[in-house]
Structures are given as C-alpha cells and as structure tokens.
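The values are calculated or read from the model by the stated rules, or taken from the named source; none is laboratory data. Bear in mind the structure is a predicted one, so any value in this text is a computation, not a measurement. Reconstructed Cβ throughout: ideal geometry from the backbone, glycine too, with neighbour counts over all protein chains shown. Only protein heavy atoms, including side chains, enter the accessible area calculation; ligands, DNA and RNA are left aside. Shrake-Rupley method; radii C 1.70, N 1.55, O 1.52, S 1.80 Å.
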Amino acid sequence: MRARLIVAPDTRGRGLGRVLVRGLLARAVAAGYADVFMRVHPDNARALRCYRGAGFAPVDPALAEAWNEAQPVGYAWLRGDTGAPDAPPGTSASRP
C-alpha cells in the first residue's frame, strides 16, 4: 500500500495531517500489515512533527542508511506504531 499525503497550505497547522496519518495507519493495520514505513524529506520539519505526533518514530540509523543508498536524498525513514513487535532489519513491510 502506498499513499502520498498533502494538506492544503491554508489548512495546515490544525491537526488534519495527524488525523489523516493515523487513519492511514489504522487502515494498514486492519489490512494485516504488521509494519508501516514512510520516508520524509529531511528538510520537511512540519511533516516530521506531524508524523511523529501520529505515532511514527525513526527507524534504526543503519537501516535508514541502507534504504537511502538508492535514494536521491538522505530521507528520514519512520516506522508507524502498529502494536506489532519490531521488524527485523531489512524488511519494508510484512503481513502476518
């Protein structure tokens, strides 16, 4: 499952992004995904705050470094809190 989240500039700062991210995370969990990851441009501080507020946390730095090898920039990689145990390094998504 992939999603791109963009909140209209005139509605930012009201918590809508956090509600949308939590909703997408809940849908992923309901669909059976034990792990949900996202990448964020490192200069997008507002998005990082939003996602952290929605329950996402940075992945292990070594894992982020490995995933960034094929990327055009050094993205910040985050893992959503699905309630599942930590995924082994190197996995991107799994289903039970």
* Mind pulling up the Rg/Rh value for the chain? Radius of gyration and Kirkwood radius, both on Cα. => 0.96
* Structure fact -> Once both label points are put 7 Å beyond Cα along the C-beta direction, the ALA8-ASP81 separation in nm becomes 3.1 nm
* With a 1.4 Å probe and every protein chain kept in, tell me what percent of the accessible surface of the chain is carbon plus sulfur. => 53 percent
* Given q = 0.14 Å⁻¹, what are the Debye log10 I(q)/I(0) values for the stretch 1-55, with equal point scatterers placed on the Cα positions and solvent ignored? -> -0.37
* Of ARG4, ARG18, which has the most accessible area with a 1.4 Å probe, and how do the rest follow in descending order? -> ARG4, ARG18
* Would you mind getting the accessible area per residue of the chain, heavy atoms of the protein chains only, 1.4 Å probe, in Å²? => 68 Å²
* When all protein chains stay in place, what accessible area (Å², nearest 10, 1.4 Å probe) is found for ASP35? -> 10 Å²
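As a test of reading the structure, rank VAL19, VAL73 by solvent-accessible area (1.4 Å probe, protein chains only), most first. Intermediate results must be reported in sequence, preceding the final value.
Values: VAL19 95, VAL73 50 Å².
Output order, biggest surface exposure first: VAL19, VAL73.
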